[in-house]
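Only one structure is covered here, and it is reproduced in the block below.
Just so it is clear, none of the values below were taken in a lab; they were calculated from the coordinates. Given the structure is predicted, the values throughout are model-derived calculations rather than measurements. Note that we place each Cβ from the backbone using ideal geometry, even for glycine, and neighbour counts take in every protein chain shown.
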């Protein structure tokens, strides 16, 4: 039995998240294509769930198969069968003990905010439009208290199922970057994108979106200096900001 590690990117707009359920999901779509290619009942293990509407630049998964079909041919066949909003970027054979969830050391998510007075036709569905000016320096200063090992209950959805709400944020950055919807754009565009990057050993349900929503409130001046640390220590979800929309969130990387 071979163990194959697969990396894929997807636009989550048309999916009810990663995990198999009644609605259309990325995992179910991938498993259906694999069953057709390998003539086996394949079960894919993803590195973690992404919610409805959340995107991935690099989701990692693994699956086991009896097939001797080379990994490159499986990748080519998948990319021919899968819809345009899911692409397999790499497949490789790994050790039998590799597990996409248990072997992961950390994951990196990015929340992207378009901070200007008008929407973008080219980035629709991939950013959250905030019409109000944001104080990125204030967001950055307050975000520093989240680094390290803490109880993040204040940023966990009330119906989360995790056994513990303690997580370790290894790195968090908040910065403003140019608006460049195309990689070949040469001209420097206005600095209208605000990105929040968070690397952690694990994430609670809606944790990144709740942190992003709180930081947006700080950037708008609705929460005073020192508020984020007080919210963190309170362990009270009601004191934090709203859950930022799913469309601005993207899984950037899984580290092993």
Review point. Under the Kirkwood approximation applied to all pairs of distinct alpha-carbon atoms, what is the hydrodynamic radius of the range 76-156 in Å?
Key: 17.7 Å
Study note, to complete from the structure: the range 2-94: relative contact order from alpha carbon pairs under 8 Å, six or more residues apart, as a whole percent, is 45 percent
Review point. For a paramagnetic label modelled at 7 Å from the Cα of residue 1 toward its Cβ, which residues of the range 94-136 fall within the zone defined by backbone nitrogen distances under 20 Å?
Key: 94-104
Study note, to complete from the structure: The distance between the Cα centres of the range 1-71 and the range 162-212, in whole Å, is 24 Å
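What FRET efficiency comes out for the pair residue 19/residue 230, r = Cβ-Cβ distance, R0 = 45 Å, nearest 0.05? Before the final figure, lay out the partial values.
Values: r = 34 Å, r/R0 = 0.75.
Taking R0 as 45 Å, the efficiency between residue 19 and residue 230 is 0.85.
What number, in percent, do you get for the relative contact order of the chain if the mean sequence gap of Cα pairs under 8 Å and at least 6 apart is divided by its residue count?
Values: 566 pairs, mean separation 62.0, N = 256.
Relative contact order for the chain comes out at 24 percent.
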Check your understanding: For the chain, modelled as a GNM with alpha-carbon contacts under 10 angstrom, which of 84, 236, 197 fluctuates the most?
Key -> 84
Review point. Just for the chain, what percent of DSSP beta bridges are antiparallel, to the closest 5?
Key: 90 percent
Check your understanding: Put a dot 7 Å past each Cα toward the Cβ at residue 32 and residue 141; how far apart are the dots in nm?
Key -> 5.1 nm
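List 60, 88 from most exposed to least, where exposure is judged by having the fewest other Cβ atoms within 10 Å.
Values: 60 25, 88 21.
Starting with the residue having the fewest Cβ neighbours, the order is 88, 60.
Calculated FRET efficiency, residue 40 and residue 164, Cβ-Cβ r, R0 35 Å, to nearest 0.05? Please list the in-between numbers first.
On the way: r = 36 Å, r/R0 = 1.03.
It comes to 0.45.
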Study note, to complete from the structure: If the label point sits 7 Å along Cα→Cβ of residue 102, residues of the range 1-18 with amide N under 17 Å come out as 2-5
Exercise for review: Would you mind checking the tilt of helix 26-38 against the longest principal axis of the Cα atoms of the chain, expressed as 0 to 90 degrees and rounded to 10?
Suggested key: 10 degrees
**Study point:** Order of 153, 229, 107 under a 10 Å beta carbon neighbour criterion, fewest first
**Key:** 229, 153, 107
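Which semi-axes, in whole Å and largest first, does the equivalent ellipsoid of the range 128-254 have when worked out from the alpha carbon gyration tensor as the square roots of 5 times its eigenvalues?
On the way: eigenvalues 132, 57, 33 Å².
One finds semi-axes of 26, 17, 13 Å for the range 128-254.
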Exercise for review: Would you please put 120-132, 23-35 in order of how densely packed they are, using the mean number of other Cβ atoms within 10 angstrom per residue and starting with the highest?
Suggested key: 23-35, 120-132
Practice item. Based solely on C-alpha atoms, express the radius of gyration and the Dmax of the range 2-94 in angstrom. Key: 12.1, 35
Review point. Ranked from highest to lowest mean number of other Cβ atoms within 10 Å per residue, what is the order of the peptides 36-49, 201-214, 68-81?
Key: 201-214, 36-49, 68-81
